[in-house]
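Engineer: The structure that follows is given in the form of structure tokens.
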Ligand SMILES: [Zn+2]
């Protein structure tokens, strides 16, 4: 097999890239107890984590992200895992890399801290960026291809994460995604796609986009607004499979792989270069996206 090119080079080539689907949804189906951090299974059930990446790769994903959405210090400390931060992030990369081999890219997944930054909260920008840098350093040591910052709703926290990632891994591209899950097409902290795009262009972030959110129509609208604000940017779409709904004691998501394929067509029209999927999606959704992208 030919050695793969750098992720940014690949992003410029056709067809667009297919990314991974949901982690939580997959792991809950495997029996992850509600309330347990998926990161716990990096230590306890590494085969399940590796198998998850493999399932998405088998379904057509050309890039995966590490199971480290909550592997920043505040979240790990909350779960009693603070002293294993470096180990958890490094092992997460190792598990993804084992499944990915040489042909599939591995992004280091970074999620929100779960704490508010000033002025709404007490966390300073500098402290937040230090926390992100700590995780990014461990992901970098593990050997990721890019940093994948997602599900942010506060633009300041996003900027802190980008600053931390760049400080810890100056040689790696940064992908940045916000969740436009609030009213009026904004994040629940009130950030509009245009504001986000403007900030990302100013920071010269390598690629950016929308993830999670409310559902497919909202995500297509958000990415459309990003495209209007940034005609030449490398955009990413990673929509959820609708909002979760309880059926008895089971959480279900209603968006079908066929509907995801329909949305993929809309994202392609907007020139999206990386199409993945978020909460509620499964390898069947990834397969549907890959069918459209490569069809
Ligand atoms: Zn999600």
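The values are calculated or read from the model by the stated rules, or taken from the named source; none is laboratory data. All of these numbers come straight from a predicted model, not from anything done at the bench. Here the Cβ is made from the backbone with ideal geometry for all residues, glycine too, and neighbour counts use every protein chain on show.
Engineer: Could you please find all residues in region 114-128 being part of a helix (DSSP H, G or I) and surrounded by fewer than 21 Cβ atoms within 10 Å (Cβ to Cβ)?
Structural biologist: 125, 126, 127
Engineer: While we're looking at this one, here's another question. Which condition breaks for residue 102 when tested against (1) touching a residue at least 60 places away in the same chain (Cβ under 8 Å); (2) in a strand (DSSP E or B)?
Structural biologist: (2)
Engineer: I'd like to check something: does region 42-50 contain any residue that is out of contact with any helix residue (DSSP H, G or I) (no Cβ under 7 Å at 6 or more places or on another chain), within 16 Å of the ligand (Cβ to nearest atom) and either at negative phi or in a loop (DSSP other than H, G, I, E, B) (or both)?
Structural biologist: Looking through region 42-50, none of the residues is out of contact with any helix residue (DSSP H, G or I) (no Cβ under 7 Å at 6 or more places or on another chain), within 16 Å of the ligand (Cβ to nearest atom) and either at negative phi or in a loop (DSSP other than H, G, I, E, B) (or both).
Engineer: Among the numbered conditions (1) surrounded by 22 or more Cβ atoms within 10 Å (Cβ to Cβ); (2) within 16 Å of the ligand (Cβ to nearest atom); (3) within 19 Å of residue 69 (Cβ to Cβ), tell me where residue 207 comes up short.
Structural biologist: (2)
Engineer: On to the next question. In region 142-153, what residues are surrounded by fewer than 20 Cβ atoms within 10 Å (Cβ to Cβ) and away from the ligand (no atom under 16 Å from the Cβ)?
Structural biologist: Within region 142-153, just 143 meets the criteria.
Engineer: Please tell me if residue 156 is at pLDDT 95 or above and either within 28 Å of residue 284 (Cα to Cα) or more than 16 Å from the ligand (Cβ to nearest atom) (or both).
Structural biologist: It is true that residue 156 is at pLDDT 95 or above and either within 28 Å of residue 284 (Cα to Cα) or more than 16 Å from the ligand (Cβ to nearest atom) (or both).
Engineer: Among the listed residues 84, 91, 97, 73, identify the single one that is in contact with a helix residue (DSSP H, G or I) (Cβ under 8 Å, 6 or more places away or on another chain) and crowded, with 21+ Cβ neighbours inside 10 Å.
Structural biologist: 91
Engineer: In this structure, does residue 276 turn out to be within 14 Å of residue 217 (Cβ to Cβ), touching a strand residue (DSSP E or B) at 6+ places or on another chain (Cβ under 7 Å) and within 16 Å of the ligand (Cβ to nearest atom)?
Structural biologist: Here the answer is no, as residue 276 does not meet what is asked.
Engineer: Here is a further query. Given the conditions (1) more than 21 Å from residue 137 (Cα to Cα); (2) outside any loop (DSSP other than H, G, I, E, B), which single one is not true for residue 33?
Structural biologist: If we test residue 33 against (1) more than 21 Å from residue 137 (Cα to Cα); (2) outside any loop (DSSP other than H, G, I, E, B), just (2) comes out false.
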